[in-house]
Amino acid sequence: MRYLSSISLALVVLMALACTAAPANTSNIDATVEARLAQERGIEATVEARLAEEKASKPTPLPTVKRAATRVPTPTKDIFAQASLKNRWKDLLT
């Protein structure tokens, strides 16, 4: 029982000391925030530089020439040529 009371007293004393201890130094919060922002800006700059490098390394596509569709010539009947052939055959046969 004697040990139990001395352990309880020690715990109470430790708890009292823990609650009264000064908090850690938090006066450099602004410096910590500034350092974090600088680090993030450095990361963003690195990403932007890599994107610019990758964009520059891609070849530009060549322009394609679109040609107008050409019409396929269709054979036409030459009336005068047919008439002259008929006349020749007519003259030969008569």
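The values are calculated or read from the model by the stated rules, or taken from the named source; none is laboratory data. Note that this is a predicted model, so its numbers are computed, not measured. Using ideal geometry, Cβ is built from the backbone for each residue, glycine included, and neighbour counts are taken over all protein chains shown.
So that you can scan it fast, the table gives a plain yes or no per residue for (1) modelled with pLDDT under 85; (2) charged (D, E, K, R); (3) in a loop (DSSP other than H, G, I, E, B):
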position: Tyr3; (1), (2), (3): yes, no, no
position: Ala10; (1), (2), (3): no, no, no
position: Pro23; (1), (2), (3): yes, no, yes
position: Glu34; (1), (2), (3): no, yes, no
position: Arg41; (1), (2), (3): no, yes, no
position: Thr46; (1), (2), (3): no, no, no
position: Thr74; (1), (2), (3): yes, no, yes
position: Leu85; (1), (2), (3): yes, no, no
position: Arg88; (1), (2), (3): yes, yes, no
Would you mind stating whether Ala52 is surrounded by 10 or more Cβ atoms within 10 Å (Cβ to Cβ) and either at pLDDT 80 or above or of a type in the set (D, E, K, R) (or both)? yes
Of everything in the range 12-21, what is assigned to a helix (DSSP H, G or I) and modelled with pLDDT under 75? Give them in sequence order. Thr20
